[in-house]
1. Within region 181-200, does at least one residue satisfy the condition of being farther than 17 Å from residue 140 by Cα and within 16 Å of ligand 2 (Cβ to nearest atom)?
2. In region 89-117, how many are more than 14 Å from ligand 1 (Cβ to nearest atom) and under 19 Å from residue 149 (Cα atoms)?
3. Take region 173-192 and flag every residue that is surrounded by 22 or more Cβ atoms within 10 Å (Cβ to Cβ) and within 16 Å of the chain's Cα centre (by Cα).
4. Among what's in region 87-131 and is under 30 Å from residue 52 (Cα atoms) and aliphatic (A, V, I, L, M), pick the residue that is surrounded by the fewest Cβ atoms within 10 Å (Cβ to Cβ).
5. Any residue in region 112-138 that is outside any strand (DSSP E or B) sitting within a Cβ distance under 7 Å of a residue that is open to solvent by 40 Å² or more (accessible area, probe 1.4 Å) and within 16 Å of ligand 1 (Cβ to nearest atom)? List the pairs, counting only those 6 or more apart or interchain.
6. Being open to solvent by 50 Å² or more (accessible area, probe 1.4 Å) and in a strand (DSSP E or B), is that true of even one residue in region 77-86?
7. From the list 273, 258, which one is in a loop (DSSP other than H, G, I, E, B) and open to solvent by 70 Å² or more (accessible area, probe 1.4 Å)?
Amino acid sequence: MSIFTFGILGVALILRDRIVMLVDLDYFFAQCEERRNPSIKGKPVVVCVYSGRTEDSGAVSTANYVARKYGVKSGIPIVLAKKKLKDVDAVFLPVDKTFYREVSDEIMEILRGYADRFEQMGIDEAYLDVTKRTKGIYQAEELAETIKGDVLTQQSLTCSIGVGPNKLVAKIAADVQKPNGLTLVRPEEVQSFLLPLPVRRLVGVGRKTEKKLETLGVRTVGQLARFDVQKLIEVFGRKLGTYFHNASLGIDEEPVQERSEPESVSRISTLKEDTRDLAAILDEAYMLCDAVHAKLLQRGLVYRSVSIYVVAGDLSVHSRSKTFENPTSDLETFKRTVKDLYEKFLSESAVEARRVGVKLSNLSKKEELQKPLTNFFGFSNN
Ligand code: DCP
Ligand code: CA
Ligand code: CA
């Protein structure tokens, strides 16, 4: 390839619109519960954070779409949700974050595999920059369908996807059709897509800002776009004022970028029966080691600490750890350490294991052997 063609391609790549997806899992905690126990599907399902003060004190974490029809949603008191659902056969369950985190981790690995750049946002959503791997919006639509299919067949969960030229538009697009939605916004449609929406849809506009904007006569994104930017800066300050103005026009240059390294990678699972038998425990633990190790490699990480967990019949949690001087990614070292730690644990404790888990922590990026090549324009080749 001549330097000339290389140059043209390079410039074309920079000038091309980005294609960004936001994948958000539908009624996430409640859908995890439906997956675990399909017999509750079709009924209103309410996942609750019980505060423990009185029997029903606490708030709703989330609810499935059947329950939402009755007005039940995140944040309302459990007592109120029970009132709204008093005439129907509804299911109320306590949150199980450990379980949702496991499901989330597995789904995030699937999504990561489809992205040039990946950025997880919280437990149930992620941005995927797919510019390089798609030639335009039609391929992006196909890719989004593939992702939805994969998450459904591999993890039995539905999600909603928004596709747009940046994170701001992708996020709003993912929200307009739910559950199980797919919304595409082409660059030339951004303006007309945003205009009629209430300002609240913009990331960063909370209830307070919404109220303030309303006193200025601004309710929709279109009204915000026509509002004098200097006036916005007077009211909200330069940074926020400029942000609101740009956001109303659908302008957002924020790159999709990987968050800092996870603190740990772990897996836990329930044994067939409660036991103190080392061989039975290790049978399960080694399988968990394989899964955790695969994830470590996938993320290009090395570890310094190994931990084991035992959850007893009374749900008490016990753990043992070992930290090494130097980081490694070695699987044998991992398994040997897990064996030593379980041996040690069983000799020190009389507990019977119901669930066992393994964890790698003190993670860091594996040192690159080679610096990435830099092309004619100074852009990295990979
Ligand atoms: N969550 C919570 N309390 C809130 C909001 C959310 O505990 N006030 C939890 C439960 C949700 C999860 O975070 O399942 C993800 O939040 P979302 O806002 O994405 O809501 P859902 O996934 O439940 O529903 P949707 O289908 O609207 O995305
Ligand atoms: Ca969600
Ligand atoms: Ca979400």
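1. No; the residues of region 181-200 include none that is farther than 17 Å from residue 140 by Cα and within 16 Å of ligand 2 (Cβ to nearest atom).
2. So the answer is 9.
3. 174 - this is the single residue of region 173-192 that is surrounded by 22 or more Cβ atoms within 10 Å (Cβ to Cβ) and within 16 Å of the chain's Cα centre (by Cα).
4. Restricting to residues being under 30 Å from residue 52 (Cα atoms) and aliphatic (A, V, I, L, M), the top hit is 88.
5. Here the result reads 123/101, each pair linking region 112-138 to a residue that is open to solvent by 40 Å² or more (accessible area, probe 1.4 Å) and within 16 Å of ligand 1 (Cβ to nearest atom).
6. For region 77-86, residues open to solvent by 50 Å² or more (accessible area, probe 1.4 Å) and in a strand (DSSP E or B): present.
7. Sole residue among the options that is in a loop (DSSP other than H, G, I, E, B) and open to solvent by 70 Å² or more (accessible area, probe 1.4 Å): 258.
Residue-by-condition table, conditions (1) out of contact with any Leu (no Cβ under 7 Å at 6 or more places or on another chain); (2) closer than 17 Å to residue 267 by Cβ; (3) part of a helix (DSSP H, G or I):
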{"site": "311", "(1), (2), (3)": "yes, yes, no"}
{"site": "314", "(1), (2), (3)": "yes, no, no"}
{"site": "320", "(1), (2), (3)": "no, yes, no"}
{"site": "323", "(1), (2), (3)": "yes, no, no"}
{"site": "333", "(1), (2), (3)": "yes, no, yes"}
{"site": "336", "(1), (2), (3)": "yes, no, yes"}
{"site": "344", "(1), (2), (3)": "yes, no, yes"}
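The values are calculated or read from the model by the stated rules, or taken from the named source; none is laboratory data. What you are looking at is a predicted structure, and each value in this text was computed from that prediction instead of being measured. Because the Cβ atoms are built from the backbone with ideal geometry, glycine has one as well, and the counts that use them run over all protein chains shown. Accessible surface is based on the protein model in full, side chains and every heavy atom, while ligands, DNA and RNA are left aside. Shrake-Rupley method; radii C 1.70, N 1.55, O 1.52, S 1.80 Å.
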